[in-house]
1. Using the structure shown, decide if PHE44 is over 23 Å from ALA135 (Cβ atoms), in contact with a Pro (Cβ under 7 Å, 6 or more places away or on another chain) and surrounded by 17 or more Cβ atoms within 10 Å (Cβ to Cβ).
2. Just wondering, is there one or more residues in the range 19-37 that are under 16 Å from LEU105 (Cβ atoms), among the basic types (Lys, Arg) and surrounded by 17 or more Cβ atoms within 10 Å (Cβ to Cβ)?
3. Taking the conditions exactly as written (within 21 Å of CYS11 (Cα to Cα), among the hydroxyl-bearing types (Ser, Thr, Tyr) and in contact with a strand residue (DSSP E or B) (Cβ under 7 Å, 6 or more places away or on another chain)), does TYR90 satisfy them or not?
4. From ASP95, ASP10, ASP64, ASP25, grab the single residue that is touching an Asp or Glu at 6+ places or on another chain (Cβ under 6 Å) and in contact (Cβ under 8 Å) with a residue 24 or more places away in the chain.
5. ASP64: of a type in the set (Asp, Glu), within 26 Å of SER142 (Cβ to Cβ), surrounded by 14 or more Cβ atoms within 10 Å (Cβ to Cβ) and touching a helix residue (DSSP H, G or I) at 6+ places or on another chain (Cβ under 6 Å), yes or no?
6. From SER142, SER83, grab the single residue that is at pLDDT below 95, surrounded by 15 or more Cβ atoms within 10 Å (Cβ to Cβ) and not aliphatic (A, V, I, L, M).
7. Give me the residue from the range 119-135 that is of a type in the set (A, V, I, L, M, F, W, C), touching a helix residue (DSSP H, G or I) at 6+ places or on another chain (Cβ under 9 Å) and part of a helix (DSSP H, G or I) and, out of that set, surrounded by the fewest Cβ atoms within 10 Å (Cβ to Cβ).
8. Which is without any contact (Cβ under 8 Å) to a residue 60 or more places away in the chain, under 30 Å from PRO42 (Cβ atoms) and of a type in the set (Lys, Arg), of ARG84, ARG134?
Amino acid sequence: METHALIRFDCSSSETLKRVHYYLDSDTRPCFEEDVPVSELPVFETMEFAPSPIKIINDGLVIDSLFENAEFEELNSMIKALSRWTDHCYLFFADDEEYKAYFELKEGQLVGIYSLGEDDILDEHLHDLDWGQRALDKVLESMSSA
């Protein structure tokens, strides 16, 4: 089954953004535990064999990373490990069976904030936005106005 995912990390500073990007990007991700500070060993252990995003987009203090064919649990582990440097983390996860859902990391757990079928009008908007980055913005906007 093919899956698609978008993870958004809202960082509080350019330094924290750099740390998240360092571990996300397969070109900069450390290969050996000797290459990381002892305080980051848990992050290294989680990220060492984690899937790499097909695209990373930085926008200010926000990182959006796009994944294909990653398992939900792998993404969940990545988010939890990298959340030490973020203010908020969000995940959009979809499969080819019409499952589409948005999650937010709250108190160390991914909590569903919206899924396909909850609101037909919002679903139509999200479909028009191709369920990606701008769709996540729309979901977050609809949550704040609710």
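1. When the stated conditions are applied, PHE44 passes them.
2. The answer is no; no qualifying residue exists.
3. The answer is yes for TYR90.
4. Of ASP95, ASP10, ASP64, ASP25, the one residue that is touching an Asp or Glu at 6+ places or on another chain (Cβ under 6 Å) and in contact (Cβ under 8 Å) with a residue 24 or more places away in the chain is ASP10.
5. Values: of a type in the set (Asp, Glu): yes; within 26 Å of SER142 (Cβ to Cβ): yes; surrounded by 14 or more Cβ atoms within 10 Å (Cβ to Cβ): yes; touching a helix residue (DSSP H, G or I) at 6+ places or on another chain (Cβ under 6 Å): yes.
For ASP64, the condition - of a type in the set (Asp, Glu), within 26 Å of SER142 (Cβ to Cβ), surrounded by 14 or more Cβ atoms within 10 Å (Cβ to Cβ) and touching a helix residue (DSSP H, G or I) at 6+ places or on another chain (Cβ under 6 Å) - is met.
6. On the way: SER83 fails: at pLDDT below 95.
Selected residue: SER142, the only one of SER142, SER83 that is at pLDDT below 95, surrounded by 15 or more Cβ atoms within 10 Å (Cβ to Cβ) and not aliphatic (A, V, I, L, M).
7. Looking at residues that are of a type in the set (A, V, I, L, M, F, W, C), touching a helix residue (DSSP H, G or I) at 6+ places or on another chain (Cβ under 9 Å) and part of a helix (DSSP H, G or I), I get LEU122.
8. Only one candidate qualifies: ARG84.
The values are calculated or read from the model by the stated rules, or taken from the named source; none is laboratory data. As the structure is a computational prediction, the values presented were derived from the model and not from experiment. Neighbour counts are summed over all protein chains in view; Cβ atoms, including those assigned to glycine, are modelled from backbone coordinates with ideal geometry.
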